[in-house]
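Chemist: What follows is a structure written as structure tokens; I'll ask about it next.
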Amino acid sequence: MAVAIDRPPDAGTTRTSPAARRGSARHENLSGYLFLSPWLIGFVTIVAGPMAASLYFSFTHYSVLRSPKWTGVDNYLRMLTEDPRFWTSLEVTLTYLVTSVPLVQVFALFLAAILNRGVRGLTVYRAVFYLPSLIGGSVAIAILWRYLFDGDGLLNNMLATVGLSTEHSWIGSPETSLWTLVILNVWQFGAAMIIYLAGLRQIPAELYESAAMDGAGAARRFWSVTLPLLSPVIFFNVLMNVVSAFQAFNTAYIVSNGTGGPADSTLFYTLYLYQRGFLDFDMGYASALGWGLLVLVAASAAGLFALSRHLVFYGDER
Amino acid sequence: MVAVAGCGGTRQGAAHGNSITYAFWGSPSRAKKVNAVIELFGARHPGARIRTQVADYSSYVEGLTVRAAGGGLACALGMQSTFCAQYAEAGLLRPLDDLTESGQIDVSNIPDDVLAAGRVDGVQYMIPTGTFVRILGYNADLVASSGATAPTSDMTWDNYAAFLREMQRGLPDGVRATEIEATNMFTLTSWVVGHGERMFDGDRLGFGKSLLAEWFQLWLELTSDGVTVPPSAIPKQTGSVELTPLAQGTAAIGTRDIPHLHVTEQVLAANERGTAISEVSMPSPEVSRSANVLGANGIAISADCGDVATTAAFIDFFTNNAEAALAFKSDNGIVTNVHAQDVLIGDSKTPQGVKRNVTTWRALTEARDLTTTTYPAGLPSLTTELARLYERVAFDRMSVDEAVDAFFSTAEHVLG
């Protein structure tokens with residue numbers, strides 16, 4: 001049976017040949033690539049090119065001022081077997097990560113839950129809590145941190161007013177200096193809080209009502225309703241914060257004058273990489289450190305994704 | 001009239017015609033002074049054009065390396081005796097001996113001891129335009145109020161340690177006799193040359209491990225006696241001069257480059273923590289042996305500079321012209337040209353701090369109380385390592401012997 005198809009009056013007259021259609025497709029493709037080309041050029045010249053170069057340099061001895069000399073895997077072996085500062089920087093970074101990332105989540109989620117209860121002036125609170133995220137990683141704040149936590153800083157002055165007089169320099173002592181940077185990171189919980197707040201708003205109110213009718217208290221509702229439904233958001237925030245913690249640099253650089261001191265206590269991995277590359281001009285070794293960091297971040301992300309299969313609940317799962 | 005070398009290169013730093021680039025480090029204030037010199041140069045050399053690249057010190061040093069790697073060095077390069085060898089040995093700097101011998105760059109008014117600070121393996125690579133010498137500066141009010149006899153220029157290190165202990169007893173709470181100098185490469189150099197040893201012997205350290213161990217031990221003992229600021233204050237010593245314990249009035253004496261003395265005095269006066277910083281020579285075990293170690297800032301020419309003639313003319317003008325000296329006001333170290341020093345001292349518009357720096361320098365040179373040392377490539381890494389290792393010792397993270405071994409091991413790796 002013939003099917004009548006309504007066509008525009010001139011449809012029959014404008015039918016294009018296969019060659020013309022191919023030409024048109026090529027034209028469309030070309031246009032697409034042209035629109036894409038700024039990104040492609042940027043990616044190749046700014047990301048992929050330097051990455052390939054650094055991968056090559058990581059197998060060389062390269063002092064920047066002289067041509068690189070191929071040394072095979074020497075840099076990697078030196079990193080793993082002969083360089084105690086590599087391990088120190090790794091330890092400092094991991095300590096920073098495993099302490100600050102969970103603390104950021106706890107603070108952010110706690111405040112998001114409070115703000116989600118419909119407090120008056122929510123937008124003001126949200127802005128106030130978010131503000132440190134905007135300025136927290138800046139040079140000015142890192143300098144402020146020095147004045148806060150130094151021996152004659154604001155913290156000790158405040159302690160003195162309540163009779164807890166001390167001259168301990170929290171930032172100048174290797175026992176406590178890293179913790180001041182952890183506090184600085186936790187203080188920037190605002191960005192995570194905003195995301196948690198958005199996630200909390202997505203949880204249907206009827207689920208809480210049903211749970212309440214079944215006799216669930218506030219804690220039970222939090223563990224059985226909020227956490228499971230918020231787990232994709234928690235996973236996202238943790239992943240972003242883990243990657244960010246591996247890349248932490250500014251605050252340690254400013255607070256320690258670029259040394260990672262006192263006594264290497266704030267020697268973040270990235271700061272050590274910077275020292276080797278741009279102070280010692282050992283760019284081959286710094287490149288190897290860079291690839292080491294990439295492997296670490298990738299492994300951590302892969303681990304988190306693997307964990308997420310068991311811990312993250314997506315609403316459409318059965 | 002500047003003769004033009006007609007081989008304009010294609011690289012960024014290479015000049016085209018009479019146009020060259022002068023890269024240097026410093027504050028906006030220094031950049032203004034350099035621009036004033038360039039204007040004067042332009043008036044004398046119509047057609048010559050000097051472009052500038054300026055950054056703060058650490059960015060400049062990093063940028064210099066990156067530009068060198070990319071083949072983009074400026075023709076005229078701000079250089080320092082501490083890192084000159086790094087670039088000279090890599091073949092990135094042009095030897096200047098032919099230019100000084102032909103008179104294109106007149107160095108006749110620069111003392112040879114000072115010129116030597118710009119030589120690497122006997123070849124002149126940098127024309128020193130400003131010097132820095134580390135000497136002892138002390139808060140005269142604090143020292144007087146402590147009841148201790150003022151320090152003198154003929155102290156041994158033992159005398160100095162005794163003086164610090166005596167002074168500490170009379171200082172108010174919260175003020176220590178001195179800073180922790182163990183972390184400072186220039187002060188260590190003073191210690192080494194004062195002991196009759198050489199800091200560097202070519203591309204190696206020129207002294208033995210025991211001397212470094214004694215150095216660390218001296219400062220550990222002084223700290224343990226409560227004479228120095230605590231180790232937690234070390235970061236304050238490595239920041240800006242204005243924030244150091246000496247400038248803040250929480251330490252009474254410390255080593256400083258001469259140009260920093262006036263800055264320190266100004267900060268103290270602003271905070272009402274003292275009215276004058278006086279200075280004496282660095283301690284030395286033998287009075288006849290000077291431990292005041294000289295360093296220099298200067299200008300070098302990159303190896304691939306396409307307009308050497310204009311660059312040489314600019315360096316010559318910068319170094320020798322009286323108007324240029326007045327415009328630059330000895331902003332980056334004490335001006336090295338003795339005539340320029342006279343001009344600065346004699347001009348009523350010269351800031352008092354500059355006059356004082358020049359006068360102090362003159363006194364040292366006239367007394368021949370200076371020691372020149374050469375710095376091998378890799379010194380910046382070693383400088384960082386010294387501070388790091390002493391910090392570890394001071395915080396009981398490492399023994400003195402371990403730190404000394406680590407320092408020598410690093411030196412073997414990074415020097416040369």
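The values are calculated or read from the model by the stated rules, or taken from the named source; none is laboratory data. Model, not experiment: these values are computed from the prediction. Counting neighbours? That spans all protein chains shown, and the Cβs are built from the backbone with ideal geometry, glycine included. Remember, those area values only see protein heavy atoms, side chains included, never the ligands or the DNA or RNA. Shrake-Rupley method; radii C 1.70, N 1.55, O 1.52, S 1.80 Å.
Chemist: Inside 10 Å of the C-beta atoms of A:53-66, what's the mean count of C-beta atoms belonging to other chains? Walk me through the numbers on the way to the answer.
Modeler: On the way: counts 0, 0, 0, 0, 0, 0, 0, 0, 0, 1, 7, 8, 11, 6.
Per residue, the number of nearby Cβ atoms from other chains is 2 on average.
Chemist: Compute, for the protein assembly as shown, the length of the dipole vector about the Cα centre, with Cβ point charges of +1 (Lys, Arg) and -1 (Asp, Glu) only. Units Debye, rounded to 20. Write out the running numbers ahead of the final one.
Modeler: Values: 49 positive and 65 negative charges, 602 e Å.
The calculated dipole for the protein assembly as shown is roughly 2900 debye.
Chemist: OK, next. By its C-alpha gyration tensor, with a ≥ b ≥ c as the square roots of the eigenvalues, how is region B:247-301 shaped: rounded for a/c under 1.5, else prolate for a/b larger than b/c, else oblate?
Modeler: Working: a/c = 3.45, a/b = 1.33, b/c = 2.59.
Oblate.
Chemist: Compute the signed sum of charges (Lys and Arg +1, Asp and Glu -1) over the other residues within less than 12 Å, Cβ to Cβ, of B:Pro151. The partial results should precede the final answer.
Modeler: Numbers: positive: none; negative: B:Asp154, B:Glu166, B:Glu279.
Local charge sum for B:Pro151: -3.
Chemist: Roughly how crowded by other chains is peptide B:225-234, in terms of the mean Cβ count from those chains within 10 Å of each of its Cβ atoms? Before the final figure, lay out each step's value.
Modeler: On the way: counts 0, 0, 0, 0, 2, 6, 7, 13, 6, 6.
Taking all residues of B:225-234 together, the mean is 4.
Chemist: Of the listed peptides A:186-193, B:47-54, what is their order by residue-averaged count of other C-beta atoms within 10 Å, with the highest listed first?
Modeler: Per-residue mean Cβ counts within 10 Å order the peptides as A:186-193, B:47-54.
Chemist: Still on this structure: Putting +1 on Lys and Arg Cβ atoms and -1 on Asp and Glu Cβ atoms, find which of A:Ser265, A:Ala211, A:Phe235 reaches farthest to the positive end of the dipole of region A:190-286.
Modeler: A:Ala211
Chemist: Checking the a/c ratio against 1.5 first, then a/b against b/c, what shape does the Cα gyration tensor give for region B:46-126?
Modeler: Details: a/c = 1.80, a/b = 1.30, b/c = 1.39.
Oblate.
Chemist: Right, next: Which value in nm describes the separation of the simple spin-label points at B:Gln266 and B:Asp56, placed 7 Å from the Cα toward the beta carbon?
Modeler: Placing both labels 7 Å beyond Cα along the Cβ direction yields 1.7 nm.
Chemist: Before we go on, tell me the buried accessible area for the B/A pair, both chains summed, 1.4 Å probe, in Å² to the nearest 100.
Modeler: On the way: alone 16900 and 19400 Å², together 34030 Å².
In total, this chain pair buries about 2300 Å².
Chemist: Helix B:308-320: angle to the longest alpha-carbon principal axis of chain B, degrees 0 to 90, nearest 10?
Modeler: 50
Chemist: Can you give the angle from 0 to 90° between the axis of helix B:157-169 and the longest principal axis of chain B, with both taken from C-alpha atoms, to the nearest 10?
Modeler: That works out to roughly 60 degrees.
Chemist: Then there's this: For a quick check of your reading of the filter: which trypsin sites (Lys or Arg not before Pro) in region B:310-416 sit in a DSSP loop and have no more than 13 other Cβ atoms within 10 Å?
Modeler: In loop regions of region B:310-416 (DSSP not H, G, I, E or B), the sparsely surrounded trypsin sites (Lys or Arg not before Pro) are B:Lys349, B:Arg368.
Chemist: While we're here: Measuring with a 1.4 Å probe in the full set of protein chains, what accessible area per residue, in whole Å², belongs to chain A? The partial results should precede the final answer.
Modeler: Working: 18260 Å² over 318 residues.
Accessible area per residue, chain A: 57 Å².
Chemist: Further question on the same structure: Over chain B, calculate the relative contact order: mean separation of alpha carbon pairs under 8 Å at least 6 apart, over the residue count, as a percent.
Modeler: Working: 800 pairs, mean separation 113.5, N = 416.
Rounded, it is 27 percent for chain B.
Chemist: So, one more: Find out how many positive minus negative residues lie around B:Ile110, taking Lys and Arg as positive, Asp and Glu as negative, among other residues whose Cβ is under 13 Å from that of B:Ile110.
Modeler: Working: positive: B:Arg119; negative: B:Asp106, B:Asp112, B:Asp113, B:Asp316.
Summing Lys and Arg as +1 and Asp and Glu as -1 gives -3.
Chemist: Round to the nearest 10 and give me the degree value, 0 to 90, for the angle of helix B:379-394's Cα axis relative to the longest principal axis of chain B.
Modeler: Around 20 degrees separate the two axes.
Chemist: Still on this structure, I have one more. How big is the dipole moment of region B:294-416 about its Cα centre under a simple scheme where the beta carbon of each Lys and Arg is +1, that of each Asp and Glu is -1, and everything else is neutral? Debye, nearest 20, please. All intermediate terms of the calculation are to be shown ahead of the outcome.
Modeler: Values: 9 positive and 16 negative charges, 105 e Å.
It comes to approximately 500 debye.
Chemist: Same structure again: Along the charge dipole of the protein assembly as shown, pointing to its positive end and built from +1/-1 on Cβ of Lys, Arg, Asp and Glu, which listed residue (A:Ile254, B:Gly118, A:Val119) has its Cα farthest out?
Modeler: A:Val119
Chemist: If you don't mind, another one. Cα centroid distance between region B:377-416 and region A:142-180, in Å?
Modeler: About 28 Å separates the Cα centre of region B:377-416 from the one of region A:142-180.
Chemist: Another question about this same structure. When you look at the Cβ of every residue in A:146-154, what mean number of other chain Cβ atoms sits within 10 Å?
Modeler: 2
Chemist: Could you list, bin by bin from short to long, the percent of Cα-Cα pairs of region B:159-291 in 5 Å steps?
Modeler: Over region B:159-291, the share of Cα pairs per 5 Å bin runs 2, 10, 19, 22, 21, 15, 8, 3, 1, 0 percent.
Chemist: Given chain A, what whole percent of its Cα pairs are spread farther than 25 Å? Could the numbers behind the result be given before it?
Modeler: On the way: 33642 of 50403 pairs.
Tail of P(r) above 25 Å: 67 percent of Cα pairs.
Chemist: May I pose another question? How far apart, in nanometres, would the label points at A:Ile183 and A:Thr45 be if each is projected 7 angstrom from Cα along the Cα-to-Cβ direction?
Modeler: With each label point 7 Å from Cα toward Cβ, the separation is 4.6 nm.
Chemist: Related question: From the square roots a ≥ b ≥ c of the eigenvalues of the alpha-carbon gyration tensor of the protein assembly as shown, which class results: rounded (a/c under 1.5), prolate (a/b over b/c), or oblate?
Modeler: Verdict is oblate for the protein assembly as shown.
Chemist: Please work out the Cα center distance from region A:237-287 to region B:201-261, rounded to the nearest Å.
Modeler: After rounding, the separation between the Cα centres reads 25 Å.
Chemist: Within chain A, what whole-number % of the accessible surface is contributed by carbon and sulfur, with the 1.4 Å probe and all protein chains included in the calculation? Please report the intermediate quantities before stating the final value.
Modeler: Numbers: 12280 of 18260 Å².
With neighbouring chains kept in place, the figure for chain A is 67 percent.
Chemist: A further question follows. Given just the C-alpha atoms of region A:97-219, how large is their convex hull per residue in cubic angstrom?
Modeler: Values: hull volume 19.5 nm³, N = 123.
Normalising the Cα hull of region A:97-219 by residue number yields 159 Å³.
Chemist: Sticking with this structure for a sec: Nearest 20 debye, what's the magnitude of the dipole of region A:237-318 about its Cα centre given +1 on Lys and Arg Cβ and -1 on Asp and Glu Cβ?
Modeler: Details: 3 positive and 5 negative charges, 31 e Å.
Magnitude of the dipole: close to 160 debye.
Chemist: Further question: Mind scanning B:Lys209/B:Lys329; B:Lys32/B:Lys236; B:Lys33/B:Lys236; A:Lys69/B:Lys33 and naming the pairs with a C-alpha gap bigger than 32 Å?
Modeler: As for pairs spanning more than 32 Å Cα to Cα, those are B:Lys209/B:Lys329; A:Lys69/B:Lys33.
Chemist: May I pose another question? Using Cα pairs under 8 angstrom and six or more residues apart, how large is the relative contact order of region A:259-318, in percent?
Modeler: On the way: 21 pairs, mean separation 10.1, N = 60.
Worked out over region A:259-318, it gives 17 percent.
Chemist: Find the accessible area per residue for chain B; the probe is 1.4 Å, ligands and nucleic acids are left out, and the unit is Å².
Modeler: On the way: 15760 Å² over 416 residues.
Averaged over the residues of chain B, the accessible area is 38 Å².
Chemist: Sum up the charges of everything whose Cβ sits under 14 Å from the Cβ of B:Val338, counting Lys and Arg as +1 and Asp and Glu as -1, but leave B:Val338 out.
Modeler: On the way: positive: B:Arg362; negative: B:Asp106, B:Asp112, B:Asp113, B:Asp342, B:Glu366.
Neighbourhood net charge equals -4.
Chemist: Can you pull the percent of chain B's accessible area that's carbon plus sulfur, 1.4 Å probe, other chains left in place? Don't skip to the end; give the middle numbers.
Modeler: On the way: 7730 of 15760 Å².
C and S atoms contribute 49 percent here.
Chemist: Over all Cα pairs of region A:246-290, how is the pair count split among 5 Å bins, expressed in % and running from 0 up to the last occupied bin?
Modeler: In whole percents, the pair-distance histogram is 6, 27, 30, 23, 13, 1.
Chemist: Next question. At A:Met158 and B:Asp396, where each label point lies 7 Å from the Cα along Cα→Cβ, what is the point-to-point distance in nanometres?
Modeler: In this crude label model, A:Met158 to B:Asp396 measures out at 2.9 nm.
Chemist: Additional query: Among A:Gly42, A:Ser300, A:Ile141, whose Cα sits farthest toward the positive end of the charge dipole of the protein assembly as shown (+1 at Cβ of Lys/Arg, -1 at Cβ of Asp/Glu, about the Cα centre)?
Modeler: A:Gly42
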